[in-house]
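Written out below as structure tokens is the structure these notes cover.
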Amino acid sequence: VVDAELDARNPRTASRALPAGLLTKPAVWAFTLAMAALFVLCAALLNWLAFVLSPVALAIVCGYSFSKRFTWLSHFWLGLSLAVAPVGAWIAVKAEFALTPLLLGLAVVLWVAGFDIIYACQDVEFDRQAGLHSLPRQFGVARALHVSSALHALTVLVLLLVGHWARLGGLYAGGVLAAAGVLAYEHWIVTPDDLSRVTTAFFTLNGLVSVGLAAVALADLLL
């Protein structure tokens with residue numbers, strides 16, 4: 001809803017549901033508010049800590065859409081929004097903080113920020129015209145891709161640390177190394193001079209990393 005007008009002006013996003021007229025703003029607002037209320041209610045039914053932190057989680061997630069209006073660090077805000085999931089899941093079950101979910105959350109922040117920087121490389125000119133902020137707009141596409149590579153390298157290191165701290169075995173470690181290979185390929189197919197495969201890097205390869213890591217972590221725990 002917040003970005004509907006911007007999406008309508010950007011040829012890449014003009015076909016999204018709101019700018020394309022497939023949904024109305026009142027309908028989307030009603031759905032959003034209803035789901036937010038349901039989220040808080042469900043958190044309250046889980047435990048006190050989940051309930052107390054539920055507004056914080058909502059603020060983080062809902063605040064992301066505004067972040068690119070004032071900071072090029074918005075990629076990390078998006079990462080933080082997604083990192084709410086593993087940390088929140090742990091709190092939902094355990095009703096406490098612990099190092100393992102916080103490390104996993106950090107890995108999510110680094111991973112998401114890295115691939116969102118790649119995705120933002122497509123919109124440098126539009127962001128400049130619209131007054132929006134992104135790391136590619138601030139520092140250029142080439143430097144932004146270097147930062148993205150560094151973030152994904154750190155992601156792999158943190159994921160290995162998660163495995164060590166959570167006492168996961170070789171199956172998980174092998175999965176992380178396989179994910180590292182996928183991330184390396186992601187950076188190989190996207191260059192400052194050729195952004196034609198950004199969609200493959202952003203959606204397909206990161207989807208493979210997400211599902212693959214979840215599968216090997218679960219298998220490691222069960223086997």
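Here, each number is a calculation from the coordinates, and none is a lab measurement. Just so it is clear, the model here is predicted, and its values are computed rather than measured. Here Cβ is always computed from backbone atoms with ideal geometry, including for glycine, and neighbour counts include all displayed protein chains.
Some values worked out for this structure:
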{"quantity": "Distance in nm between pseudo-label sites at residue 203 and residue 128 (7 Å out along the Cβ direction from Cα)", "calculated": "2.7"}
{"quantity": "Magnitude of the charge dipole, the range 97-222, Cβ model with Lys/Arg +1 and Asp/Glu -1, debye to 20", "calculated": "260"}
{"quantity": "Protection proxy ranking of 51-61, 77-87 - average other beta-carbon atoms within 10 Å, highest first", "calculated": "77-87, 51-61"}
{"quantity": "Using a Förster distance of 25 Å, the FRET efficiency for residue 48-residue 85 (Cβ separation, nearest 0.05)", "calculated": "0.80"}
{"quantity": "Whole-angstrom gap from the range 196-223 to the range 92-162, using each part's C-alpha centre", "calculated": "16"}
{"quantity": "The chain: translational diffusion in µm²/s, Stokes-Einstein, Kirkwood Rh over Cα pairs, 20 °C, 1.002 mPa s", "calculated": "113"}
{"quantity": "Relative contact order for the chain, counting Cα pairs under 8 Å that sit 6 or more residues apart, in percent", "calculated": "15"}
{"quantity": "Globularity ratio of the range 97-222, using Cα Rg and 2.2 N^0.38 Å", "calculated": "1.13"}
{"quantity": "Positive-end residue of 53, 170, 23, charge dipole of the chain with Cβ unit charges", "calculated": "53"}
{"quantity": "Proximal charge balance of residue 127 [Cβ under 10 Å; K/R count +1, D/E count -1]", "calculated": "+1"}
{"quantity": "Likely footprinting exposure, 127, 7, fewest C-beta neighbours within 10 Å first", "calculated": "7, 127"}
{"quantity": "Loop-resident sites, the range 84-121, for chymotrypsin sites (Phe, Trp or Tyr not before Pro), counting at most 14 other Cβ within 10 Å (DSSP)", "calculated": "97"}
{"quantity": "Along each principal axis, Cα extent of the range 56-98, largest first, Å", "calculated": "36, 15, 11"}
{"quantity": "Point-charge dipole on Cβ atoms (K/R +1, D/E -1) for the range 1-82, about Cα centre, debye to 20", "calculated": "180"}
{"quantity": "The range 93-205, relative contact order in percent, only Cα pairs under 8 angstrom and at least six apart counted", "calculated": "31"}
{"quantity": "Under the Debye formula (equal points on every Cα, no solvent term), log10 I(q)/I(0) of the range 81-154 at q = 0.15, 0.22, 0.28 Å⁻¹", "calculated": "-0.59, -0.86, -1.13"}
{"quantity": "Backbone N within the range 134-156 under 11 Å of label point (7 Å from residue 12 Cα along the Cβ vector)", "calculated": "136-137"}
